[in-house]
Amino acid sequence: MPVDARGGPVTEPAARHWPLLVSSTDTVALLHARDAPRDVILGVAGLHMLLIDRTGGYHAILPRRMPEVERRYDELRGDEPVVAVEEAIDAMVEVGALERSPSRLVILRPPAPTPSDLHVARIRMDEAEELPEVWPMSRRLQRLAWRVGPEGFAGQRFRELASFGRLRATIADPDPLFSDQDGLYHVGPAALPPLSTALNVGSDGPHGARGWISAHHLRFVSPPGVGSPILLAAYEAAALLLGGGVGANAVRRAARATGLWLVLLEHVDGRAGAFDTTVAGLTAEFAPLLRLAAGGDHRSTVTALLADLERAGLVRTERPSRKTLRVHVLPVRAPDDERTTSFLRQWSAWRMSGGESAAGLDELVVLAERHLRDRVRRTWVDLLEARRVRVEVRPPDDA
């Protein structure tokens with residue numbers, strides 16, 4: 001149901017309402033597919049963004065006449081030969097981006113353009129930038145797009161949906177016929193949030209490496225098996241290891257076991273799989289990570305942490321022979337949001353108290369960052385570019 005925005009923009013976060021999550025490019029692509037003239041396309045792009053701004057980024061009911069929107073639209077047009085506001089409304093109704101009645105407007109999420117229509121629209125938009133005469137309105141639209149597009153309302157509402165647990169992502173199987181030779185689905189660095197170093201949570205909040213979607217809310221069309229990439233971040237593995245534990249000692253042990261898990265991932269290139277080693281060999285790899293005393297026998301520490309990893313369901317071990325240890329790195333279920341939040345809060349408090357440096361976990365944090373950047377985020381980008389990710393917005397009562 002649309003939210004009532006007749007009294008002004010909706011400022012509430014997306015706990016209950018339905019964000020539009022649409023850009024003017026989607027609507028413009030539908031117009032390009034109909035060979036609409038440039039004056040209509042620019043008018044619709046401008047009005048669409050102004051209406052999104054007026055709603056606060058939501059599927060919403062608006063008054064039929066809005067003098068402030070009409071004034072801003074005229075300012076966008078300037079002296080250029082762009083259609084009047086009523087003609088822009090007509091075009092938006094025609095492509096399904098707006099519903100109109102004598103007393104109100106309802107801004108809608110229009111039908112998704114086909115990949116080919118979207119491609120053509122982007123080509124034409126790029127060509128328009130190369131014209132000898134670029135209409136000043138195009139420049140003004142770009143500034144407005146920053147406010148309402150992925151960098152503004154659309155991105156903000158998407159992150160809010162994720163934070164309230166209303167997003168579900170389904171990972172489809174690879175399509176052997178899929179090809180993106182033109183780079184239409186390329187995900188550029190600007191689309192990715194920066195990473196911080198808090199065992200690694202994105203600086204814009206949890207789960208940024210996966211488009212802000214919790215691993216707990218990922219579903220796979222085919223159950224992940226051997227060779228499947230591990231999409232779990234280090235902080236989520238630590239949350240599984242911490243379980244319901246509380247206090248500095250519990251956090252420290254979970255962090256150390258996470259370090260061992262990251263070492264194991266190096267052997268399988270970040271994918272579910274098995275490898276043979278020895279406890280002594282693992283100890284030699286793991287001890288420098290935590291700056292354990294040189295020359296000491298730390299095999300009992302590694303054995304205990306391996307047991308923690310097995311209890312958390314992150315690995316399985318077996319003994320093919322007396323000396324050989326076979327480690328299976330498993331594609332695991334993720335912790336729920338409550339457990340993840342609990343770990344992050346306790347980790348942050350422990351880190352602020354100086355626990356991180358005291359326990360010698362600096363190298364662990366570096367390894368966690370590399371895993372998040374080079375494996376989790378890179379894999380997520382690959383899935384997006386292969387069009388294997390389908391994101392669904394759930395009703396608020398079903399989150």
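The values are calculated or read from the model by the stated rules, or taken from the named source; none is laboratory data. Nothing here was measured: the structure is a model prediction, and the numbers come from that model. All Cβ positions, glycine included, derive from the backbone under ideal geometry; neighbour counts span all protein chains shown.
So how many residues does the range 343-376 have that are at pLDDT 80 or above and out of contact with any Pro (no Cβ under 9 Å at 6 or more places or on another chain)?
17
Residues Leu290, Leu330: which one is modelled with pLDDT of 90 or more and either more than 18 Å from Val251 (Cβ to Cβ) or assigned by TED's automatic domain parsing to the domain that holds His216 (or both)?
Working: Leu290 fails: modelled with pLDDT of 90 or more.
The unique qualifying residue is Leu330.
Please specify each residue of the range 229-263 satisfying the condition of being among the polar types (S, T, N, Q) and either modelled with pLDDT of 90 or more or farther than 28 Å from Ala280 by Cα (or both). Steps first, answer last, please.
Of the residues in the range 229-263, the ones among the polar types (S, T, N, Q) are 249, 258.
Passing the criteria: only Thr258.
State whether the residues of the range 77-84 include one that is assigned to a helix (DSSP H, G or I) and modelled with pLDDT under 90.
The first filter runs over the range 77-84 and keeps only residues assigned to a helix (DSSP H, G or I), leaving 77.
If we keep only those that are modelled with pLDDT under 90 too, we end up with 77.
The answer is yes, given that some residue of the range 77-84 is assigned to a helix (DSSP H, G or I) and modelled with pLDDT under 90.
Please tell me if Arg109 is surrounded by fewer than 21 Cβ atoms within 10 Å (Cβ to Cβ), outside the structural domain of Tyr185 (by TED's automatic domain parsing) and out of contact with any Asp or Glu (no Cβ under 9 Å at 6 or more places or on another chain).
Numbers: surrounded by fewer than 21 Cβ atoms within 10 Å (Cβ to Cβ): yes; outside the structural domain of Tyr185 (by TED's automatic domain parsing): yes; out of contact with any Asp or Glu (no Cβ under 9 Å at 6 or more places or on another chain): no.
Spelling it out, it is not the case that Arg109 is surrounded by fewer than 21 Cβ atoms within 10 Å (Cβ to Cβ), outside the structural domain of Tyr185 (by TED's automatic domain parsing) and out of contact with any Asp or Glu (no Cβ under 9 Å at 6 or more places or on another chain).
Here are Ser116, Ser24: which of them is closer than 23 Å to Tyr185 by Cα, within 29 Å of the chain's Cα centre (by Cα) and without any contact (Cβ under 8 Å) to a residue 60 or more places away in the chain? Don't jump to the end; show me each part of the working.
Numbers: Ser24 fails: without any contact (Cβ under 8 Å) to a residue 60 or more places away in the chain.
Going through Ser116, Ser24 in turn, the sole match is Ser116.
In the list Thr301, Thr278, which residue meets the criterion of being of a type in the set (Val, Ile, Thr) and either modelled with pLDDT under 90 or closer than 30 Å to Gly165 by Cα (or both)? It would help to see each step written out before you state the result.
Values: Thr278 fails: either modelled with pLDDT under 90 or closer than 30 Å to Gly165 by Cα (or both).
Selected residue: Thr301, the only one of Thr301, Thr278 that is of a type in the set (Val, Ile, Thr) and either modelled with pLDDT under 90 or closer than 30 Å to Gly165 by Cα (or both).
Looking at the range 145-164, which of its residues are in contact with a Ser or Thr (Cβ under 9 Å, 6 or more places away or on another chain) and over 30 Å from His216 (Cα atoms)?
Correct list: Ala145 only.
The conditions are (1) surrounded by 14 or more Cβ atoms within 10 Å (Cβ to Cβ); (2) over 30 Å from His59 (Cβ atoms); (3) over 18 Å from the mean Cα position of the chain (by Cα), and Arg375 fails exactly one of them. Which is it?
All conditions pass for Arg375, except number (3).
Return yes when Val393 is modelled with pLDDT of 90 or more and not polar (S, T, N, Q) and no when it is not. Working first, answer last.
Numbers: modelled with pLDDT of 90 or more: yes; not polar (S, T, N, Q): yes.
Spelling it out, Val393 is indeed modelled with pLDDT of 90 or more and not polar (S, T, N, Q).
Within the range 257-270, can one find any residue that is of a type in the set (Gly, Ala, Ser) and touching a strand residue (DSSP E or B) at 6+ places or on another chain (Cβ under 8 Å)? Break it down into steps so the answer makes sense when it comes.
Initial filter on the range 257-270 (of a type in the set (Gly, Ala, Ser)): 257, 259, 270.
Add one more test, that the residue is touching a strand residue (DSSP E or B) at 6+ places or on another chain (Cβ under 8 Å), and what stays is 270.
Among the residues of the range 257-270, at least one is of a type in the set (Gly, Ala, Ser) and touching a strand residue (DSSP E or B) at 6+ places or on another chain (Cβ under 8 Å), which makes the answer yes.
Quick one: in the range 146-176, of everything that is among the hydrophobic types (A, V, I, L, M, F, W, C) and over 11 Å from Ile213 (Cβ atoms), which residue is surrounded by the fewest Cβ atoms within 10 Å (Cβ to Cβ)? It would help to see each step written out before you state the result.
Within the range 146-176, the first condition is being among the hydrophobic types (A, V, I, L, M, F, W, C), and the residues that meet it are 146, 148, 153-154, 158, 161-162, 164, 167, 169, 171-172.
When the remaining residues are screened for being over 11 Å from Ile213 (Cβ atoms), the result is 146, 148, 153-154, 164, 172.
Details: Trp146: 10, Val148: 26, Phe153: 22, Ala154: 20, Phe164: 16, Ala172: 14.
Filtering first and then ranking leaves Trp146.
Residues checked against (1) buried (at least 19 other Cβ atoms within 10 Å of the Cβ); (2) small (Gly, Ala, Ser):
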site	(1), (2)
Val83	yes, no
Met92	yes, no
Gly96	no, yes
Pro115	no, no
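Among the candidates Gly208, Gly202, which residue alone is touching a strand residue (DSSP E or B) at 6+ places or on another chain (Cβ under 7 Å), closer than 13 Å to Trp380 by Cβ, surrounded by 15 or more Cβ atoms within 10 Å (Cβ to Cβ) and modelled with pLDDT under 80?
Values: Gly208 fails: modelled with pLDDT under 80.
Selected residue: Gly202, the only one of Gly208, Gly202 that is touching a strand residue (DSSP E or B) at 6+ places or on another chain (Cβ under 7 Å), closer than 13 Å to Trp380 by Cβ, surrounded by 15 or more Cβ atoms within 10 Å (Cβ to Cβ) and modelled with pLDDT under 80.
Tell me the residue from Pro37, Pro19, Pro9 that is farther than 27 Å from Leu184 by Cα and out of contact with any Cys (no Cβ under 7 Å at 6 or more places or on another chain), please. I'd like the intermediate steps shown before the answer.
Working: Pro37 fails: farther than 27 Å from Leu184 by Cα; Pro19 fails: farther than 27 Å from Leu184 by Cα.
When all the criteria are applied, what remains is Pro9.
Take the conditions farther than 18 Å from Glu369 by Cα, surrounded by fewer than 20 Cβ atoms within 10 Å (Cβ to Cβ), modelled with pLDDT under 90 and touching a strand residue (DSSP E or B) at 6+ places or on another chain (Cβ under 6 Å) and apply them to Val187. Does it pass?
Numbers: farther than 18 Å from Glu369 by Cα: yes; surrounded by fewer than 20 Cβ atoms within 10 Å (Cβ to Cβ): yes; modelled with pLDDT under 90: yes; touching a strand residue (DSSP E or B) at 6+ places or on another chain (Cβ under 6 Å): no.
No: the conditions fail for Val187.
Could you tell me whether any residue of the range 243-250 is in contact with a strand residue (DSSP E or B) (Cβ under 7 Å, 6 or more places away or on another chain) and β-branched (Val, Ile, Thr)? Steps first, please.
Going through the range 243-250, the residues in contact with a strand residue (DSSP E or B) (Cβ under 7 Å, 6 or more places away or on another chain) turn out to be none.
Looking through the range 243-250, none of the residues is in contact with a strand residue (DSSP E or B) (Cβ under 7 Å, 6 or more places away or on another chain) and β-branched (Val, Ile, Thr).
Applying the selection to the range 1-25, what residues are among the aliphatic types (A, V, I, L, M) and either assigned to a loop (DSSP other than H, G, I, E, B) or more than 21 Å from Arg104 (Cα to Cα) (or both)? Walk me through it before giving the result.
Here is the first cut: in the range 1-25, the residues among the aliphatic types (A, V, I, L, M) are 1, 3, 5, 10, 14-15, 20-22.
Within the range 1-25, Met1, Ala5, Val10, Ala14, Ala15, Leu20, Leu21, Val22 qualify.
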